[in-house]
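S.K.: The structure under discussion is supplied below as structure tokens; questions concerning it will follow.
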Amino acid sequence: MDKKRRCRIIMIAIMILSVIIIASVIAVIVHYSVLHRDTRFIHYNGDRYRYRDDISTLLVIGIDDNDDEEESSLDNYYRNSSQADFLLLVVFDKTAKSYKVIQINRDSMASIRTYDIMGDYAGTNIAQISLSHTYGDGGESSCEDTVYAVSNLLFGIDVDNYISITTDVVPILNDLVGGVDVPIEDDFSGVDDTLVMGRTVHLQGQHALVFIRARRDMVDDDSNEARMRRQHTYLYALEEAMRDSFMDNPSFAVDAYEAVSDHTITNIDVSDIPSLAYEFASYEFEGIVSIEGESSMGERYIEFYVDEEALQELVIREFYEPA
């Protein structure tokens, strides 16, 4: 297998994932009466729609250590020490030869699978979707549970592939492209004094991770929404820098893949990689779509509830066509 071929498909995930690194999660208590599908056809607001055959999806899961958030509620369950700190669903449009990213707020309340202390399935629970990865072995089964939570939230859409990556790779990828310039619009005082509000800063090393990750101890930032906005900014800057690096140096993709390969888990079959790489490498990036909703303080932690009507319309627009 040609390593260069393999890395190019991973690079698509990296270009999207390395950017928003740590962000989000999609969720809410899903009701199936309006949009849930059991076949490739659904009815919505009196109209009939067909699930599109010319799209495919890749779920990017950014993994971070559980920094004690929501941890106490898991004491009676089989779990690991990592959360899905950001979730990005990449949607590839084979007809338009383009792809876009659906950003999911990590604080979204969702139905997630749980397991008892022996590792046996214990049903579902409503919690922040970031915890969908925390139950399970921390490897493939945790990724599959996260896929389940995202698909279930999005009314049963297909999640074809996934790739998880630890947030440790953000500084690595950032520095591979020589760093990126971003405007500082939040107050990082006491968190990272090199990130001065009102200035444009060239991010290097761990400063890039702080920029997209910081939430605790931030001034006027009790929710995840300001961080998601920063991740938008960083994603666009990194995506452009990575494209430039690839154009200037064809071996850049190989270098990037080798740098992060030990930090990834994916279900992409080796035999599928050549065709995927050739098909998607030239696709145009159409930007990021965020799911609408509202944040509120729960009993102990921030909870994000999606606007279900807006989410239904998003799913119809991106995954269906009139039948």
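The values are calculated or read from the model by the stated rules, or taken from the named source; none is laboratory data. Note that the coordinates shown come from a computational prediction; the quantities given were computed from them, not determined experimentally. Here the Cβ positions follow ideal geometry from the backbone for every residue, glycine too, while neighbour counts run over all protein chains shown.
S.K.: Just for strands (runs of 3 or more DSSP E) wholly inside the range 161-236: which have at least 2 residues that are surrounded by fewer than 16 Cβ atoms within 10 Å (Cβ to Cβ)?
M.R.: 180-183, 200-203
S.K.: Quick one: in the range 282-323, of everything that is assigned to a strand (DSSP E or B) and of a type in the set (Val, Ile, Thr), which residue is farthest from the chain's Cα centre (by Cα)?
M.R.: The extreme case among them is 302.
S.K.: When the range 124-143 is examined, which residues are found to be under 13 Å from the mean Cα position of the chain (by Cα) and not in a helix (DSSP H, G or I)?
M.R.: Once the filter is applied, which keeps residues that are under 13 Å from the mean Cα position of the chain (by Cα) and not in a helix (DSSP H, G or I), the range 124-143 yields only 133.
S.K.: While we're on this one: If a residue must be within 18 Å of residue 299 (Cβ to Cβ) and among the acidic types (Asp, Glu), how many such residues does the range 104-144 contain?
M.R.: Qualifying residue count, the range 104-144: 1.
S.K.: Quick one: what pairs do we get from the range 232-245, first residue closer than 15 Å to residue 211 by Cβ, second in a helix (DSSP H, G or I) and modelled with pLDDT of 85 or more, C-beta under 8 Å, 6+ apart or different chains?
M.R.: From residues that are closer than 15 Å to residue 211 by Cβ, the pairs are 234/208; 234/211; 234/212; 238/173; 238/174.
S.K.: Check whether at least one residue in the range 144-153 is without any contact (Cβ under 8 Å) to a residue 60 or more places away in the chain, farther than 19 Å from residue 101 by Cα, assigned to a strand (DSSP E or B) and of a type outside the set (Gly, Ala, Ser), and report yes or no.
M.R.: So far as the range 144-153 goes, no, none of its residues is without any contact (Cβ under 8 Å) to a residue 60 or more places away in the chain, farther than 19 Å from residue 101 by Cα, assigned to a strand (DSSP E or B) and of a type outside the set (Gly, Ala, Ser).
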